[in-house]
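Computed from the coordinates by the stated procedures, all read-outs in this text should not be read as laboratory data. Not measured: the values here are computed from a predicted model. Backbone-built Cβ (ideal geometry, glycine too); neighbour counts: all protein chains shown.
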Amino acid sequence: MMLQLLEFRESVKKFYQRYDTYLLPIIKFIFALIAFQTINKEIGYDARLKALPIILGLSLLSAFTPSAVMVLIAALISVLHVYFISPILSVIIVVILMILYLLFARYTPRHGYVLLAVPVLFLLKIPYLIPILLGLISTPIAMIPTSCGVVVYFLFQIIKSAITMQVNISLEDILQLYTHVIDSLTGNRQMIMTVVIFSLIIMVTYFIRRMSFDYAFEISILAGAFIGILGFLISYLILDKSDQILSMILGTIVSTGLVYIIHFFRLTLDYTGVEYAQFEDDVYYYYVKAVPKATVTAPQVNVRHYSVKKSGRIDINEYDNQETYDDYDYNDDDYEDEDDNDS
């Protein structure tokens, strides 16, 4: 069974490597479409921005531009939606988004997708996928965009409640609205606990997967999931949100399974072939543990071409594409073809 899975993985990887020029824009287009539709669903106050041609056009633009452009478009859509219903509130949103960018997001431009993925996955009830995955494939710096994504999600929830406030153009009303948004954001205990727990998940997953014992990657995923369940269980009990515990546990289990699938396609190690080496130089003595990657190549067919010349001789043009497996030795048996005797 494992051999078939490895062959399937290699086939998928080869397919992606062959057509990545076309597949990458398609993936970015789909991700942008989902992100923009999520914004429209949460704070879609301006019907013009929800028009399908607009969304498709912006998604197509995002497919062929860096991730920073997608984040900028998403922020612009959010501000315009809020501006349609409350110009004063839109100014506050611009200021908050600019602070997030200047203080945090601009230091991690390569993680722009995280900023959009976190709010989307929150709505899908599987936001725990992001910190576990980033701890597995990134570094602790990923805590910055993850935290920004959490803030953006809770900011959307605050906007929806603030929109209901009737605000006039008086300075007192403007200050009241500003105070409401800032106090709701900075005093949101659930948001703060979520940022802390996600950061812990990233750190625990990262440090465990860097250890040298067998199956460190797989164990780090389970450890990150355990920290997430334990952390949110405590936070929900403190915040008296016990009704969210079951969905949190189910979401963490689904997130863990998805991370395992991603890890399988990204890196699978064959711990049965571990080798150890020791050597030294003028300064250090080294102990090295080498773990081979469990990869196989797709089987290929041996093709022989027979051509008969006028003299009656048979020429054999042999294209020997042998079936090979990188980490599995199936070449123990040698097969030889015997040529027919000339009559």
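Tabulated data for the structure shown
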quantity: Residue among P131, I208, L250 farthest towards the positive dipole end of region 86-267, charges placed on Cβ; calculated: I208
quantity: Residues whose placed amide H lies under 5 Å from that of N188, excluding near-sequence neighbours; calculated: none
quantity: Region 86-267, relative contact order in percent, only Cα pairs under 8 angstrom and at least six apart counted; calculated: 26
quantity: In sequence order, calculated HN-Hα J values of region 229-245 (Karplus, 6.51, -1.76, 1.60; Hz; x Gly/Pro); calculated: 4, 5, x, 6, 4, 5, 5, 5, 5, 5, 7, 6, 10, 5, 5, 9, 5
quantity: Gain on full stretching of the segment that runs from S242 to Q278 - 0.36 nm per residue minus C-alpha separation; calculated: 7.6 nm
quantity: Cut-off under 5 Å, modelled amide H: who pairs with L269 long-range; calculated: A294
quantity: For region 41-50, Karplus couplings with θ = phi - 60° (6.51, -1.76, 1.60), whole Hz, Gly/Pro x; calculated: 6, 7, 9, x, 8, 9, 5, 5, 6, 8
quantity: Estimated Rh, region 86-267: Kirkwood, alpha-carbon pairs, angstrom; calculated: 17.4
quantity: Charged-residue dipole, Cβ positions (Lys, Arg, Asp, Glu), region 86-267 about Cα centre, Debye nearest 20; calculated: 480
